[in-house]
Amino acid sequence: MPEWTKEQKKAIDSRKGSILVSAAAGSGKTAVLVQRVIERLMDEKEPCPADRLLIVTFTRAATAQMKDRIYQALMSEIDKAPDNDLLKRQALLLPFARISTIDGFCNDIVRENFHDIEISPDYGILDNSQLALMCDDAVSQVMDELYRENSPEFVELVGIMANGTDDSALTDLICKLYNDSMAFARPEAFLDSLTSAYHTDAPLRDQVWGKIIINYAAKSVEYCRMLCGKMIDSGKDDPVVGEKYGVGIANNAVMFDELSKVIENGSWDEIRSAVTSASVGSLGRLPNKYSSVQSESVKAQKNVLTDQLKKLAPLFCASESENKDDMDYLRPVAEKLIEAVKRYGEILGEEKKRANSYDFSDICHFALKLLVKYDESGNAEKTALAESFAERFQEILVDEYQDVNDLQNTLFWAVSRDETNMFTVGDVKQSIYRFRQAMPEIFLSRRDTLNDFECDNYPAKITLDRNFRSRSGVTENVNFLFSQIMSRQMGSVDYNENEQLVAAADYEESSFPEAEMYILGDMAEKVGRESEAQFIADKIHEILSGDMKVKDKNGYRKASYCDFCILLRSAGGGKAEIYEKILAENLIPSYIESKSGFFASPEISTMLSLMRVTDNPIQDVPLLAILLSPIFGFTADELAQMRIDERKKPIYHCIRKAA
């Protein structure tokens with residue numbers, strides 16, 4: 001049995017209320033979750049029957065892994081105590097435990113209760129291509145209706161969104177707003193809330209976009225004040241710069257200080273007047289041909305100050321009264337857009353019902369309809385079915401909680417005992433599914449309101465920050481990098497000492513660098529993928545020739561090719577194949593997780609070309625693919641020489657003639 005840390009032990013043993021675990025990368029969260037399940041099953045005093053657990057993961061692969069790990073752990077305990085009747089009973093119940101994705105759980109609910117929402121029990125699940133065709137058809141119908149109606153609001157909407165005869169930007173927006181709305185428990189309420197900003201009499205600085213603009217202006221001016229401080233320091237380091245530029249720098253610093261005060265306390269019109277009238281004053285003149293590091297730095301920083309002010313001015317292009325007029329003018333246009341989104345949802349829903357096929361978002365909403373009812377004020381009330389689930393499940397365990405959305409979170413509330421029996425695990429720094437409408441702010445808001453778990457102070461949070469996977473050099477490098485770029489505004493969390501990884505893995509001292517960072521080229525130079533791939537190939541050879549040791553479950557061994565991984569932002573479009581080609585040229589075996597499919601892989605496409613040529617050799621493209629492949633090994637020059645005298649004939653005839 002592993003030696004658990006104090007915090008891990010708390011997460012495993014806490015029983016009497018809801019716990020949120022904020023688990024950093026490599027902190028053993030899956031092992032903790034599995035051990036918690038096993039100990040719930042093995043508890044002699046208050047055993048939890050396996051079929052009264054709901055365990056939700058985010059992907060089917062994670063679900064399969066979770067099932068296997070729980071099964072293996074339970075079998076291991078049975079091997080230690082083969083006569084334990086409790087363990088045997090739990091092993092029999094384990095296949096009936098609800099261990100699934102949230103989509104799978106909702107699908108089970110809907111299929112078991114289809115009669116209550118008037119859908120056919122044999123409905124199908126739409127794949128991406130089928131859904132895309134339905135969406136295209138639905139949005140086309142909406143646009144046709146709107147064009148026939150030709151209302152003034154729609155004409156204005158098209159004028160704003162369309163580019164000439166191309167209205168794809170508008171149709172894309174309709175689809176996006178609909179998809180975003182479906183991540184909420186009440187999609188129509190979300191859509192209606194989008195137009196509420198047009199129905200306010202609040203001062204502009206207190207409105208949604210006013211806050212965004214003023215917040216951006218405040219940060220920009222604060223940055224300029226920081227640059228002024230650096231310019232003053234440069235003047236101290238270089239007396240000539242201080243003497244000639246000192247007054248100009250001080251005047252600019254005072255100007256930005258005053259501007260900061262206005263932004264903090266002034267009305268919109270006062271801020272607008274201050275920003276549009278502000279300008280960076282002259283610094284003065286240096287002696288003829290004088291130059292120093294400090295003087296060049298100050299000049300560059302002055303240019304940055306000027307650029308920052310130029311960027312701010314257009315944001316305050318309208319006064320408060322002008323903005324009010326714009327809001328009154330755009331209100332019916334925005335309402336027409338939301339009306340179009342709702343109509344799109346209606347048509348799409350009708351098409352899905354006719355096809356008796358739905359996507360998982362629909363299934364989750366069907367499940368919510370079975371579990372929750374809303375009154376006229378929008379207050380949620382559990383149905384009898386939801387109460388029966390709440391009674392059934394002694395505990396609900398949710399993995400990757402940082403990636404849930406409002407709809408899914410409401411579903412968890414519905415089947416829980418008012419969230420008093422939930423064990424949620426996540427890490428906001430690992431939230432990667434915003435494009436699937438994940439809402440990490442749900443995790444953050446819950447974590448920020450909870451106290452640290454001590455004894456029985458439920459609900460509470462437990463932080464697992466120790467990393468058992470990486471060397472200290474790796475974690476220190478990660479901490480340094482993300483502390484520079486990650487903040488509440490950029491990444492949803494301030495990467496401070498509370499978020500940093502703590503190295504806890506046991507490794508021997510290494511003579512190799514534990515982490516290295518290389519920047520290829522400079523800001524003006526774009527390094528090609530081939531050059532980057534060659535650099536990686538050279539680095540791999542360098543590491544393997546240096547006798548680096550790596551540690552696996554069996555101890556230390558010599559590093560091999562399988563210990564290297566190349567991560568790309570996107571592997572599509574032939575990008576990954578470039579790296580594979582360069583690595584192969586350097587005699588480095590590699591494997592690509594290709595999304596292009598089985599038939600697009602080089603080995604299979606070569607064999608397909610061979611079969612095509614066997615059927616009909618008068619096909620130049622597959623024939624050339626075969627001839628240039630390792631099967632025949634012709635070079636391009638050899639084929640060109642055979643073709644040069646018969647350029648208009650099929651390559652097959654040229655080969656026969658050359659033979």
Sort through Phe468, Phe423 and tell me the only one that's under 22 Å from Gln35 (Cβ atoms) and touching a Leu at 6+ places or on another chain (Cβ under 8 Å).
Phe423
Tell me yes or no: at least one residue of region 168-175 is in a loop (DSSP other than H, G, I, E, B) and modelled with pLDDT of 90 or more.
no
Can you tell which of Ser295, Ser267, Ser319 is of a type in the set (S, T, N, Q) and either modelled with pLDDT of 95 or more or over 18 Å from Gln207 (Cβ atoms) (or both)?
Ser295
Name the single residue that is surrounded by the most Cβ atoms within 10 Å (Cβ to Cβ) among those in region 52-63 being modelled with pLDDT under 90 and of a type outside the set (Val, Ile, Thr).
Phe58
Just one of (1) open to solvent by less than 70 Å² (accessible area, probe 1.4 Å); (2) without any contact (Cβ under 8 Å) to a residue 24 or more places away in the chain; (3) assigned to a helix (DSSP H, G or I) trips up Glu603, so point out which.
(1)
Among the numbered criteria (1) open to solvent by less than 70 Å² (accessible area, probe 1.4 Å); (2) assigned to a helix (DSSP H, G or I); (3) closer than 22 Å to Asp399 by Cα, which single criterion is violated by Ile99?
(2)
Flag for Leu330 being open to solvent by 40 Å² or more (accessible area, probe 1.4 Å), over 30 Å from Asp51 (Cβ atoms) and among the hydrophobic types (A, V, I, L, M, F, W, C)
yes
Only one residue in Asp418, Asp506, Asp452 is open to solvent by 80 Å² or more (accessible area, probe 1.4 Å) and at positive phi, so which one is that?
Asp418
Could we say that Gly572 is surrounded by 10 or more Cβ atoms within 10 Å (Cβ to Cβ) and farther than 15 Å from Ile536 by Cβ here?
yes
Test: Ile70 is open to solvent by less than 60 Å² (accessible area, probe 1.4 Å) and free of Cβ contacts under 8 Å to residues at least 40 places away in the same chain
yes
Hey, among the residues in region 305-321 that are open to solvent by 30 Å² or more (accessible area, probe 1.4 Å) and more than 16 Å from Ala218 (Cα to Cα), which one's farthest from the chain's Cα centre (by Cα)?
Ser321
Over region 356-377, the set of residues within 12 Å of Arg186 (Cβ to Cβ) and either in a helix (DSSP H, G or I) or open to solvent by less than 20 Å² (accessible area, probe 1.4 Å) (or both) is His365, Leu368, Lys369, Val372
Out of (1) charged (D, E, K, R); (2) surrounded by 16 or more Cβ atoms within 10 Å (Cβ to Cβ); (3) over 30 Å from Lys551 (Cα atoms); (4) more than 21 Å from the chain's Cα centre (by Cα), the odd one out for Arg446 is which?
(4)
Can you tell me which residue in region 271-301 is nearest to Asp233 (Cα to Cα), limited to those that are touching a residue at least 60 places away in the same chain (Cβ under 8 Å) and either within 37 Å of the chain's Cα centre (by Cα) or open to solvent by 70 Å² or more (accessible area, probe 1.4 Å) (or both)?
Gln301
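Residue-wise test of (1) β-branched (Val, Ile, Thr); (2) under 23 Å from Ser492 (Cβ atoms); (3) touching a Pro at 6+ places or on another chain (Cβ under 7 Å).
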position: Gly378; (1), (2), (3): no, no, no
position: Ala386; (1), (2), (3): no, no, no
position: Ala390; (1), (2), (3): no, no, no
position: Leu397; (1), (2), (3): no, no, no
position: Glu400; (1), (2), (3): no, yes, no
position: Thr410; (1), (2), (3): yes, yes, no
position: Ala414; (1), (2), (3): no, no, no
position: Asp418; (1), (2), (3): no, no, no
Would you check which residues across region 35-66 are in contact with a strand residue (DSSP E or B) (Cβ under 9 Å, 6 or more places away or on another chain), farther than 24 Å from Ala390 by Cβ and outside any helix (DSSP H, G or I) and list them?
Thr59
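Quickly run through region 162-190 and pick out the residues that are open to solvent by 60 Å² or more (accessible area, probe 1.4 Å) and free of Cβ contacts under 8 Å to residues at least 24 places away in the same chain. Step through it out loud before you land on a result.
Of all residues in region 162-190, those open to solvent by 60 Å² or more (accessible area, probe 1.4 Å) come to 163-166, 172, 176, 179, 186, 188.
Scanning region 162-190 gives Asn163, Gly164, Thr165, Asp166, Asp172, Lys176.
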Sole miss for Asn457 among (1) open to solvent by less than 80 Å² (accessible area, probe 1.4 Å); (2) farther than 23 Å from Ala23 by Cα is condition (2)
Give me the pairs: first residue in region 191-219 and among the acidic types (Asp, Glu), second residue open to solvent by 80 Å² or more (accessible area, probe 1.4 Å), beta-carbon distance under 9 Å, and six or more apart or on different chains, which are they?
Asp201/Lys324
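Please find, within region 102-135, the residue that is surrounded by the most Cβ atoms within 10 Å (Cβ to Cβ) out of those that are in a helix (DSSP H, G or I) and among the aromatic types (Phe, Trp, Tyr).
Residues of region 102-135 that are in a helix (DSSP H, G or I), as a first pass: 102-112, 114-116, 128-135.
Remaining after also requiring among the aromatic types (Phe, Trp, Tyr): 105, 114.
Details: Phe105: 23, Phe114: 16.
Top of the filtered list is Phe105.
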In the set Ala25, Ala11, Ala31, which member is in a loop (DSSP other than H, G, I, E, B) and either open to solvent by less than 40 Å² (accessible area, probe 1.4 Å) or farther than 21 Å from Glu77 by Cβ (or both)?
Ala25
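The values are calculated or read from the model by the stated rules, or taken from the named source; none is laboratory data. Computed from a predicted model, the values in this text were never measured in an experiment. In this analysis, Cβ positions are derived from the backbone assuming ideal geometry, glycine residues included, and neighbour counts consider all displayed protein chains. Areas reflect the complete protein model, heavy atoms only, side chains present, ligands, DNA and RNA absent. Shrake-Rupley method; radii C 1.70, N 1.55, O 1.52, S 1.80 Å.
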